[in-house]
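First up is the structure itself, then whatever we jot down about it.
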């Protein structure tokens with residue numbers, strides 16, 4: 001019964017617990033240097049400390065604000081530009097090369113530039129999250145609209161639908177499907193942008209705390225923060241996944 | 001509906017040349033021919049999705065009186081079966097609530113009670129075809145254009161759907177232009193069959209009146225004494241046409 005596919009999560013959880021136990025035992029036996037690899041119990045204590053003294057909240061607030069702000073802006077602007085480029089050839093001619101270049105390069109290299117332009121406050125982090133998300137959504141929407149199922153377009157036309165009917169019943173739902181299909185990737189990009197931006201120059205945020213932990217050689221804090229970011233992103237992935245499942249229930 | 005001297009080209013040599021045919025009111029007409037003879041292009045020109053090089057398509061029908069049933073059901077995947085059926089009605093000015101009630105009635109008529117809330121992906125091939133049929137019939141068309149509409153269905157589902165279609169078009173006195181390469185299907189359903197030659201420059205080579213009385217059962221009409229001789233003639237003509245073109249090539 002234990003080997004049934006339905007209980008895979010129990011097996012995975014058990015394997016993880018064994019790994020933690022071995023890690024802890026190895027640490028206590030002096031086989032691991034705590035400067036580089038602290039014990040799981042030390043990481044847990046650092047995590048509890050972050051929350052118990054309440055100093056994590058302003059940092060979580062800063063990262064969430066930057067990531068979700070960049071995500072929302074990136075989705076809206078990416079959709080608008082993608083639709084405009086798909087419908088107006090001149091806009092496509094102007095935007096496509098820029099987006100291709102932005103897509104090809106690791107866009108996080110723009111972080112220092114945003115700090116110079118927008119300062120070390122929230123704006124530079126939102127900008128980095130925004131650029132990461134907007135380019136992804138633009139490409140998705142632009143390519144998607146150009147590859148929209150012609151049979152559906154023809155069906156709406158033959159049923160007597162006008163241009164607005166095409167937008168409402170074919171293009172908008174198609175765009176929504178493509179955007180939702182990429183929502184999880186966009187969430188990941190948004191948090192990457194926020195954390196990297198904070199890592200480069202900031203006074204708040206999980207990225208800033210990571211940078212602080214690195215400069216003070218505090219490996220336990222670093223592991224605790226990585227774990228925290230992981231949990232936060234997985235939680236948002238879960239919400240995005242549920243949203244996607246509900247809104248794309250026809251698929 | 002009258003097609004006169006229709007020539008269709010996609011840039012090079014015409015796929016169809018000077019094709020003329022007539023679908024009288026309440027008649028079931030089929031167009032058969034080898035693959036690549038431009039059968040689907042002709043239908044697309046009748047609907048207005050393909051601009052002909054020359055020739056005319058005359059109908060005394062409004063756009064909403066023209067129903068379409070293609071091999072691909074092309075239902076909007078994000079809309080339920082009921083919404084898909086109601087779509088054309090709302091496009092033509094019917095209030096949404098009334099259109100949904102009308103759509104539900106058509107689904108019931110086509111044995112789809114309880115399937116109105118399902119999305120196309122959650123329906124079988126036969127059910128999707130029925131939804132597409134309900135979508136076409138809900139518009140109360142006077143002419144339905146069909147392009148291999150039953151080709152993707154398995155034999156039993158196909159027989160049922162075809163039986164329903166025939167019963168409906170006979171009862172509602174709807175004209176039909178069916179494009180198919182299935183000679184048996186064409187003869188068992190139609191009042192008249194046109195044979196297209198092998199393309200390019202495909203043209204009508206023969207016209208066959210089918211003297212099987214209505215109302216018809218599509219399966220039993222194949223046992224009618226007139227069926228076999230007509231089928232043999234049509235098959236011989238089609239084979240000759242394909243062989244002749246192969247020799248010319």
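The values are calculated or read from the model by the stated rules, or taken from the named source; none is laboratory data. Computed from a predicted structure; not experimentally measured. Glycine gets a Cβ as well: all are built from the backbone with ideal geometry, and neighbour counts include every protein chain shown.
The residues listed here are B:163, B:130, B:171; of these, the one that is without any contact (Cβ under 8 Å) to a residue 12 or more places away in the chain, within 29 Å of residue B:62 (Cα to Cα) and either within 14 Å of another protein chain (Cβ to nearest Cβ) or more than 13 Å from the chain's Cα centre (by Cα) (or both) is B:171.
Which residue out of A:3, A:98 is surrounded by fewer than 18 Cβ atoms within 10 Å (Cβ to Cβ) and in the same structural domain as residue A:203 (by TED's automatic domain parsing)?
Result of the check over A:3, A:98: A:98.
Considering only residues of the stretch A:153-167 that are within 11 Å of another protein chain (Cβ to nearest Cβ) and within 29 Å of residue A:243 (Cα to Cα), which is surrounded by the fewest Cβ atoms within 10 Å (Cβ to Cβ)? Result: A:164. Can residue B:158 be described as in contact with a strand residue (DSSP E or B) (Cβ under 9 Å, 6 or more places away or on another chain), crowded, with 18+ Cβ neighbours inside 10 Å, over 28 Å from residue A:148 (Cβ atoms) and more than 10 Å from every other protein chain (Cβ to nearest Cβ)? Criteria not met by residue B:158. When residues in the stretch B:1-40 are screened for being touching a helix residue (DSSP H, G or I) at 6+ places or on another chain (Cβ under 9 Å), in a loop (DSSP other than H, G, I, E, B) and free of Cβ contacts under 8 Å to residues at least 60 places away in the same chain, 1 of them pass. Would the stretch A:74-94 turn up any residue that is touching a residue at least 12 places away in the same chain (Cβ under 8 Å), over 21 Å from residue A:143 (Cβ atoms) and within 16 Å of the chain's Cα centre (by Cα)? No: zero hits. Check the stretch B:97-119 and report whether any residue there is within 14 Å of chain A (Cβ to nearest Cβ) and part of a strand (DSSP E or B). Within the stretch B:97-119, not a single residue is within 14 Å of chain A (Cβ to nearest Cβ) and part of a strand (DSSP E or B). Answer with yes or no whether residue A:180 is more than 14 Å from chain B (Cβ to nearest Cβ), more than 30 Å from residue B:141 (Cα to Cα) and not in a loop (DSSP other than H, G, I, E, B). No, not satisfied. Within the stretch A:95-119, the residues that satisfy the criterion of being free of Cβ contacts under 8 Å to residues at least 12 places away in the same chain and either more than 20 Å from residue A:188 (Cα to Cα) or in a helix (DSSP H, G or I) (or both) are A:97, A:98, A:100, A:101, A:104, A:109, A:113, A:116, A:117, A:118, A:119.
Checking each residue in the stretch B:105-114 for being touching a helix residue (DSSP H, G or I) at 6+ places or on another chain (Cβ under 8 Å) and either under 15 Å from residue A:152 (Cα atoms) or surrounded by fewer than 19 Cβ atoms within 10 Å (Cβ to Cβ) (or both) picks out B:109, B:111, B:113. Among residues belonging to the stretch A:132-152 that are surrounded by 16 or more Cβ atoms within 10 Å (Cβ to Cβ) and either within 13 Å of another protein chain (Cβ to nearest Cβ) or more than 15 Å from residue A:78 (Cβ to Cβ) (or both), point out the one that is modelled with the lowest pLDDT. Applying the filter and picking the extreme gives A:148.
Anything in the stretch B:47-60 that is in contact with a strand residue (DSSP E or B) (Cβ under 6 Å, 6 or more places away or on another chain) and either facing chain A (nearest Cβ under 9 Å) or in a loop (DSSP other than H, G, I, E, B) (or both)? List them, or say none. Across the stretch B:47-60, the qualifying residues are B:52, B:53.
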